[in-house]
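The block underneath contains the structure these notes are about, expressed in structure tokens.
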Amino acid sequence: MDSISVEAYAKINIGLDVRGKRDDGYHDVRMVMQTIDVCDTIVIKKREDGIINVESDSDRIPEGSGNLAYKAAEEFRNEFNSEFSDEFEDWEFGVDIMIHKRIPIEAGLGGGSADAAAVLKAMNILFNTGLSRDRLMQIGSRVGSDVPFCIFGWTAFAGGRGEKITPLLGFPKVHVVVVKPLDLGISTPKAFNAIDNEDSIYHPDIDGLVEALHEAAPLNEIVGFMGNTFENVMIKQHPVIGEIKESLEENGAVKALMSGSGPSVYGLFKTEDEAKICAGVMAKKYKDAEFFVTKIR
Ligand code: C5P
């Protein structure tokens, strides 16, 4: 096999609590993460000359070494070379990585992390290296805090700086409308800085949320525990986020919440029809926004 094509799925945060800043500059977080059906497609080809080359059909993400997918390929090679260095002393492989981008960037949907995770999984297959999922997650944690979750997928609790993953019972398979204001991107480090500058911040009940999922509680009960520390802080800076959230709930969402550090907001719906009707009404109002009608994976 000389090339492989894989899908890289976006995530939403069902719950996100920022606890405090650590000595290493990161923040301790407690999150409930969920994969959704929006994805990038990544094609990876072997190269004989040791070069890692990243290209994309989007002009909004960096090509080459500035891309998380590049960092993932490099970390994979580092791991492989240290593990097998006695056997393959000078063995240097390379890859061509082509990213077909659909997940919006700086959106709170984990697009860059999803691409990096997909590269690690794909290279493990392409080079027949047989690294375990835990091992891939360890390599992923060197690439970015959300990468281990993206390797794991489905529904999970993420602690530490986001890299410590515990599986959870699946979130109900509801329909999701994701709204991303087109000209608004939020950088994660800036969002964490904004939280550091707040006098008091909201802490959602993540234990309650985890318990509700564990008991397979009905959706109406689960949504009562959903919350995101970043939400109020980002609504203050970008009121459109709050307007979109209200609009989703006025148009039938059982619950709407900002994902990650924003600005994407998603609404949950029991049926696909309800999701489509809401997206149709809102698309007329928010012409400067991108809409995805999708579902929980
Ligand atoms: O881990 P990652 O490289 O994705 O993080 C990007 C930046 O986001 C970090 O350099 C840090 O500023 C911030 N961050 C944080 N706490 C986390 C995750 C990320 O402060 N738990």
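The values are calculated or read from the model by the stated rules, or taken from the named source; none is laboratory data. Predicted model only: the values in this text are computed from it and were never measured. Every residue, glycine as well, gets a Cβ built from its backbone with ideal geometry; the counts of neighbours run over all protein chains shown.
Hand me the list of strands (runs of 3 or more DSSP E) wholly inside region 133-232 holding 3 or more residues that are more than 16 Å from the ligand (Cβ to nearest atom). Even if it seems obvious, please write down each step before you answer.
Working: elements: 155-159, 164-167, 175-181.
Hits in region 133-232: 175-181.
Does region 19-30 include one or more residues that are away from the ligand (no atom under 16 Å from the Cβ) and more than 17 Å from the chain's Cα centre (by Cα)?
no
Taking residue 40 as the residue in question, decide whether it is charged (D, E, K, R), without any contact (Cβ under 8 Å) to a residue 12 or more places away in the chain and either more than 16 Å from the ligand (Cβ to nearest atom) or in a loop (DSSP other than H, G, I, E, B) (or both). Spell out how you get there, then give the answer.
Details: charged (D, E, K, R): yes; without any contact (Cβ under 8 Å) to a residue 12 or more places away in the chain: no; either more than 16 Å from the ligand (Cβ to nearest atom) or in a loop (DSSP other than H, G, I, E, B) (or both): yes.
Criteria not met by residue 40.
For region 50-59, indicate whether the set of residues that are crowded, with 23+ Cβ neighbours inside 10 Å, more than 16 Å from the ligand (Cβ to nearest atom) and in contact (Cβ under 8 Å) with a residue 60 or more places away in the chain is non-empty. Walk me through how you get there before you give the answer.
Kept after step one, since they are crowded, with 23+ Cβ neighbours inside 10 Å, are these residues of region 50-59: 54.
In the following step, the residues that additionally are more than 16 Å from the ligand (Cβ to nearest atom) were identified as 54.
Filter once more, so that each one left must be in contact (Cβ under 8 Å) with a residue 60 or more places away in the chain: none.
No: zero hits.
Which pairs turn up if I take residues in region 224-252 that are over 21 Å from residue 31 (Cβ atoms) and assigned by TED's automatic domain parsing to the domain that holds residue 207 and look for partners that are part of a helix (DSSP H, G or I) and among the basic types (Lys, Arg) with beta carbon separation below 8 Å, at least 6 apart in sequence or on another chain?
Filtered contacts from region 224-252: 247/285.
Residues of region 189-208 being over 17 Å from residue 235 (Cβ atoms) and not charged (D, E, K, R), which ones?
Residues satisfying the conditions are 189, 206, 208.
Only one of (1) within 23 Å of residue 161 (Cβ to Cβ); (2) touching a Phe, Trp or Tyr at 6+ places or on another chain (Cβ under 6 Å) fails for residue 279. Which number is that?
(1)
How many residues, within region 267-291, are in a strand (DSSP E or B) and in contact with a helix residue (DSSP H, G or I) (Cβ under 8 Å, 6 or more places away or on another chain)?
Step one: list which residues in region 267-291 are in a strand (DSSP E or B), which gives 267-269, 289-291.
Right, trim to in contact with a helix residue (DSSP H, G or I) (Cβ under 8 Å, 6 or more places away or on another chain) and you get 267-269, 289, 291.
Number satisfying all stated conditions: 5.
Taking only region 107-128 into account, find how many residues are under 16 Å from residue 150 (Cα atoms) and either within 13 Å of the ligand (Cβ to nearest atom) or assigned to a loop (DSSP other than H, G, I, E, B) (or both). Quick ask: steps written out before the conclusion?
Initially, region 107-128 is screened for residues under 16 Å from residue 150 (Cα atoms), giving 107-124.
Narrowing further to those that are either within 13 Å of the ligand (Cβ to nearest atom) or assigned to a loop (DSSP other than H, G, I, E, B) (or both): 107-117.
Summing the residues that are under 16 Å from residue 150 (Cα atoms) and either within 13 Å of the ligand (Cβ to nearest atom) or assigned to a loop (DSSP other than H, G, I, E, B) (or both) in region 107-128 gives 11.
Mind checking which residues of region 240-266 are closer than 14 Å to residue 288 by Cβ and part of a helix (DSSP H, G or I)?
240, 241, 243, 244, 247
Please specify each residue of region 1-24 satisfying the condition of being out of contact with any helix residue (DSSP H, G or I) (no Cβ under 9 Å at 6 or more places or on another chain) and not in a strand (DSSP E or B).
22, 23, 24
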